[in-house]
């Protein structure tokens, strides 16, 4: 049994998922959020570094923007799953504080951002096709 300290609760759990999700939670900063933020930052930095101002519309940049949008969508769905798992897991505790947990935010911000980035990737892809078409006509 491992002692898991999630900031509010201290409980014993042998479950590896509990240790990943609840260990070292400070506010909204937990391991999955930190890993996602780091991954997005690395992808954005690599995308910006690969951007050539003389030829900005390339297939590689389009694929990276699409990947970022897909990651946002997957992370948004994963967050819903984590929230439901947490609600189910914390529901086992007979504590009055736990009853307020089911009111977690349903704003789906990461899914909205993912859809917006995918729309942006589509627009960028159209720009890439227009640039290729213009290059062939000259």
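Matching residues to (1) more than 30 Å from residue 128 (Cβ to Cβ); (2) modelled with pLDDT of 70 or more:
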position	(1), (2)
12	yes, no
35	yes, yes
39	no, yes
58	no, yes
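Scanning region 81-93 for residues that are touching a residue at least 24 places away in the same chain (Cβ under 8 Å) and surrounded by fewer than 15 Cβ atoms within 10 Å (Cβ to Cβ) returns 85, 93. Among the residues examined, residue 109 qualifies as farther than 22 Å from residue 17 by Cα and either surrounded by 11 or more Cβ atoms within 10 Å (Cβ to Cβ) or at pLDDT below 95 (or both).
The values are calculated or read from the model by the stated rules, or taken from the named source; none is laboratory data. Please read all numbers here as calculations on a predicted model, not as lab measurements. Cβ sites come from the backbone with ideal geometry, for glycine too, and all protein chains shown count toward neighbours.
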